[in-house]
Every structure is written in C-alpha cells, then in structure tokens.
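**Student:** Quick one: the structure is below, questions incoming.
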Amino acid sequence: MRAVGAVLAVVVALGLVACGGSDDAERPRGTGSATTCLSPYDAGVSEHSVTVDGKRRTYLVVAPDERVLKGTLPVVYLFHGLGSTAADVIDYTGLAPLADERKFLLVAPAARGKDREWDVSGIAKGEGQDATFIDDVAGEVGSQDCVDQDRQFAVGLSNGSGVSIALACQGPSYLKAFAGVATTFYSSACDGSPPASIIYFHGTGDEVVPFDGGKTPAFDVRAVPDVLADWADHDGCAADP
C-alpha cells in the first residue's frame, strides 16, 4: 500500500520542478524576496483553522525545518480519503520528509462529519461548505509571505483524489496542476473550465473503487477510461497516449 505514497511523492517531486497553468487567479500574493525568505510557518506539523458558516474547520501544514530559506515556498494541497484524516494522509503518503527535503509547504485540509467525506460534486461547482473551506484555506496560505504563487498544486487519495480533480473544474485557478490516485471525476460542471494539467493513477485490481466502474462504499463511479476520455476531449488531447 505504501506504493500509493511513493506514486504521490514522485508526482509532487516532478510538479515542483515545473511551472505552468493559468496566471488569472485572484489570490492574495505573498511578498517574500526571491533570494531569501522567512518561512511563515513553524517547522514540522502545525494545525490551523478557518471558520466556515460559523463552524471551525481545520487543516494541517507541514513546513521545512529551515526558517530562513533561499527563495519562495511552493505549496502542495493534499486531500485525504473517505473516513481518513489529514494526519492519516500525511503519514500514509510519506510526503512530510519530502516537504523538508524539497522545501515546500504541504497543506492537508480535513473533511467534516462522522464519515469525513468530501462533497466532490459541490467542489467542482464551487458551491457548498467544502468548496468555501478549501478556498478559504488557499486564501489564508496564499496570503503568507514567501509563498510561491506560481507553484501551487493539488494531490489526493481516493475521495481526496476526487477533490483534487474536481478543483480543476472551477475555472482559472491558483492551482497549476492536479494529481490523484484511485478516484477520478468529470461532470458538466467541468465543461466551461480551461484545459487542466492532470496526472492520474488507478489500479486495475482496485476492489474498493472499481477501475471499470460500479459501486463504492459511498457512491457510484464511472469507468476510469471513460472519465479520462472526457478530460482528454476537454483538454484537446488525443484519447489514447
């Protein structure tokens, strides 16, 4: 199962060396120097919160050990799966050491409710408490000094993978690329969004989220090739590699 974490680690490492995507995002911009920056967060893992509809929502931030940095910090937003937690997905993926090694901020928002399930379809439309929560977290993190506005990415696992892909449907974005493992997403809400840089992985033998589509413990899913074909068509890419 650690192979999933290895996949996400490789995806993150590759993403951090590239810059792309839309420049139209409206987000508070950090003001750190391009040569020397003071990290806006304490080293290691720290918990933070925002208030959405009168309710406290939390997220974890993993920051590099060094407080004085050479250059600005990219940001990776990491979304956990159904029934999991922000701490679980940080541990499971093993991305915390990579955040220190590659000098980026790892931000893991926490889903709400007993089942800790993300409202993926609402996120794609930019509607509902989860969509507002993620937007508020991004606004809070993005307003910090030393945050690299041109290198912010979303990654997710299972239900959190659906979140990552759904964020590509929201239109011009502060996020430059999107990655997911074991749940993908496409709906009519994505039709008007600009082309998105997406990388996606799914095991053909997955018994929880079937590769060929079907029922999961929480929702029905379409066949992975069909969903990715929709994204290929949306992005103007060939359906086959």
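**Student:** Return a yes/no flag: does the range 178-200 have any residue that is of a type outside the set (V, I, T), within 30 Å of R67 (Cα to Cα) and in contact (Cβ under 8 Å) with a residue 40 or more places away in the chain.
**Tutor:** Yes, that holds for at least one residue.
**Student:** Being at pLDDT 95 or above, of a type in the set (S, T, N, Q) and either surrounded by fewer than 17 Cβ atoms within 10 Å (Cβ to Cβ) or on the phi > 0 side of the Ramachandran plot (or both): is that true of T58 here?
**Tutor:** Here the answer is yes, as T58 does meet what is asked.
**Student:** Of D206, D230, which residue is acidic (D, E), surrounded by 13 or more Cβ atoms within 10 Å (Cβ to Cβ), touching a Phe, Trp or Tyr at 6+ places or on another chain (Cβ under 9 Å) and touching a residue at least 24 places away in the same chain (Cβ under 8 Å)?
**Tutor:** D230
**Student:** Also: Among the residues of the range 75-98, is any of a type in the set (D, E), free of Cβ contacts under 8 Å to residues at least 60 places away in the same chain, over 23 Å from A166 (Cβ atoms) and assigned to a helix (DSSP H, G or I)?
**Tutor:** Checked against the condition, which is being of a type in the set (D, E), free of Cβ contacts under 8 Å to residues at least 60 places away in the same chain, over 23 Å from A166 (Cβ atoms) and assigned to a helix (DSSP H, G or I), the range 75-98 yields at least one hit.
**Student:** If E101 passes every condition in (1) touching a residue at least 12 places away in the same chain (Cβ under 8 Å); (2) closer than 21 Å to I199 by Cβ but one, which one does it miss?
**Tutor:** (1)
**Student:** Looking at the range 223-239, which of its residues are touching a helix residue (DSSP H, G or I) at 6+ places or on another chain (Cβ under 9 Å) and within 15 Å of Y200 (Cβ to Cβ)? Lay out the reasoning, then the answer.
**Tutor:** Looking only at the range 223-239, we keep the residues that are touching a helix residue (DSSP H, G or I) at 6+ places or on another chain (Cβ under 9 Å), and these are 227, 230-231, 234, 237-239.
Listed by number, the residues that qualify are V227, D230, W231, H234, C237, A239.
**Student:** As an exercise: evaluate E101 against (1) assigned to a loop (DSSP other than H, G, I, E, B); (2) more than 28 Å from F219 (Cα to Cα) and give the number of the one condition it does not meet.
**Tutor:** All conditions pass for E101, except number (1).
**Student:** All but one of (1) among the polar types (S, T, N, Q); (2) at pLDDT 95 or above; (3) surrounded by fewer than 17 Cβ atoms within 10 Å (Cβ to Cβ) hold for T132; state the number of the condition that does not hold.
**Tutor:** (3)
**Student:** Residue check: is V224 buried (at least 17 other Cβ atoms within 10 Å of the Cβ), within 26 Å of V107 (Cα to Cα) and modelled with pLDDT of 95 or more?
**Tutor:** On the way: buried (at least 17 other Cβ atoms within 10 Å of the Cβ): yes; within 26 Å of V107 (Cα to Cα): no; modelled with pLDDT of 95 or more: yes.
When the stated conditions are applied, V224 does not pass them.
**Student:** Restricting to strands (runs of 3 or more DSSP E) lying wholly in the range 139-241: which have 3 or more residues that are among the small types (G, A, S)?
**Tutor:** 177-181
**Student:** Mind listing just one residue for me: the one in the range 72-125 that is touching a Gly at 6+ places or on another chain (Cβ under 8 Å) and at positive phi and, of those, surrounded by the most Cβ atoms within 10 Å (Cβ to Cβ)?
**Tutor:** Top of the filtered list is K103.
The values are calculated or read from the model by the stated rules, or taken from the named source; none is laboratory data. Bear in mind that the values here come from a model prediction, so they are computed numbers and not experimental data. Cβ sites come from the backbone with ideal geometry, for glycine too, and all protein chains shown count toward neighbours.
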